[in-house]
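The values are calculated or read from the model by the stated rules, or taken from the named source; none is laboratory data. These figures come from a predicted structure and were not determined experimentally. In this analysis, Cβ positions are derived from the backbone assuming ideal geometry, glycine residues included, and neighbour counts consider all displayed protein chains.
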């Protein structure tokens, strides 16, 4: 696994690396610095006690100015409380070394004995700095460059460049070479440690990931076992017959309800691992094909199944559900719910409804016939009377009864006993009225939208239409004058309807209102409009227009 860094974490990772790089080598740095101090002390003792008469000893002792820096570095690197400040402290100490290099060079005469050691001592300072201190590469380069610059300034100050330029340049070249070698060495060492650090981070991240994955998998397996047990408990609690088949059509699981039925029917109790054709030898080819379809397409299939057991007939509702793994169907769950009782009730209800419809049709037929008998009786009574007013009244009553009888005839002939095709009904009614009253000079123009309503709405509308059309035929065109009567039925938004009866006759009498008119017909119209919770508008101009706005009434059905 490769350790990845995004931009937001790169700075923090680099800081973590520099701390790691600085602290991981502290023990090695301490040992190196202690050995360097001990060597210097040993050589100083040898110089003082064995070759102290040598003129260069005094100059050599000047180099001991670097010992406090080395000793302080050892002490600081041993105190854990100072670890967070080590980088800054080491930078300051090595900047002090630049001052020491400059001071030793400036305070020394190039002709003094031992001055030739100054060049070597500076090289050792530079290479020792790059060797012992694990600072960031840019800090190393800057401080190393300052050490070289301090040496250059010191040699220019004490006249070494002016006295022997070639020797001074050679010495400077070697110091710069040591600086370059130390820089390269530090860069390579830091680069190797950076790769090791990233590798360790990657390994640590992988290890943590593996631990987390292992823990997650362990929890998932535990949850899976618990979930499977819970699912089995749930399936066992369901009264439906449930079983699961694998790709070889073998039983994987049966719930308790199906196991109990197996025992009752004499099937083997242990079906797990057996093919469905062995357990159910009479299973239909259609059912087997459905399993093949589900394994092939992954679709859920629902249907119905009828079969006979030892002691009863089963009408079942089936549902076959695929179980996927890696986008492949590996199992199919089959669920069968016994709907035998519901089917019996459904068939009984259908039979009752059919019988009820037959009875209702018979009732409507008999009501229509009875009304026809009443109309015939009224006609006989009218024919036995010579009173014109009486004959007219009987005729009006007859038309009202005929409008009601016509509704029962439509219901008797309708496929839906609860709904009447209002347009057909009004057309039939208007045709009867037209044939009864009009002469050839009056034309009836029906324009009817297809509307279906219940009897509670159709009956008042039929009576209203009967009254208004009858009045139009009788009074709108006196003296057999020609004219036109329009009958319109329009659908409006939100289940609203409009019935329009319009003529181009002589119009209404002056001062006519629904409230002022004393006729039975207008009283009936007003009463029926109120019954429909509707509204009537009357326009009297070139003829008369009645506009009735209404909605379908809620049918009050007995419980």
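In table form, for the structure just shown:
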| quantity | calculated |
| --- | --- |
| Those residues of the stretch 259-282 which are more than 28 Å from residue 233 (Cβ to Cβ) and not in a helix (DSSP H, G or I), in sequence order | 281, 282 |
| Test: residue 46 is at pLDDT 80 or above, assigned to a helix (DSSP H, G or I) and either in the same structural domain as residue 197 (by TED's automatic domain parsing) or more than 52 Å from the chain's Cα centre (by Cα) (or both) | no |
| Enumeration of residues in the stretch 265-281 that are surrounded by fewer than 13 Cβ atoms within 10 Å (Cβ to Cβ) and in contact (Cβ under 8 Å) with a residue 12 or more places away in the chain | 265, 266, 272, 273, 277 |
| Out of 490, 526, sole residue that is out of contact with any helix residue (DSSP H, G or I) (no Cβ under 9 Å at 6 or more places or on another chain), assigned by TED's automatic domain parsing to the domain that holds residue 552 and within 19 Å of residue 428 (Cα to Cα) | 490 |
| Of residues in the stretch 113-138 being surrounded by 15 or more Cβ atoms within 10 Å (Cβ to Cβ) and part of a loop (DSSP other than H, G, I, E, B), the one farthest from the chain's Cα centre (by Cα) | 114 |
| Of all residues in the stretch 245-264 being in contact with a helix residue (DSSP H, G or I) (Cβ under 9 Å, 6 or more places away or on another chain) and closer than 17 Å to residue 295 by Cα, the one that is surrounded by the most Cβ atoms within 10 Å (Cβ to Cβ) | 245 |
| Residue that is in the same structural domain as residue 427 (by TED's automatic domain parsing), free of Cβ contacts under 8 Å to residues at least 40 places away in the same chain and over 60 Å from the mean Cα position of the chain (by Cα), where the choices are 483, 479 | 479 |
| Sole residue being at pLDDT below 90 and buried (at least 19 other Cβ atoms within 10 Å of the Cβ), chosen from 546, 473 | 473 |
| Hits in the stretch 446-466 (condition: modelled with pLDDT under 90 and either assigned to a strand (DSSP E or B) or under 16 Å from residue 505 (Cβ atoms) (or both)) | 452, 453 |
| Selection within the stretch 283-299 - surrounded by 12 or more Cβ atoms within 10 Å (Cβ to Cβ) and part of a loop (DSSP other than H, G, I, E, B) | 283, 298, 299 |
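Residue-wise test of (1) in a helix (DSSP H, G or I); (2) farther than 30 Å from residue 11 by Cβ.
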{"site": "111", "(1), (2)": "no, yes"}
{"site": "149", "(1), (2)": "yes, yes"}
{"site": "162", "(1), (2)": "yes, yes"}
{"site": "180", "(1), (2)": "yes, no"}
{"site": "185", "(1), (2)": "yes, no"}
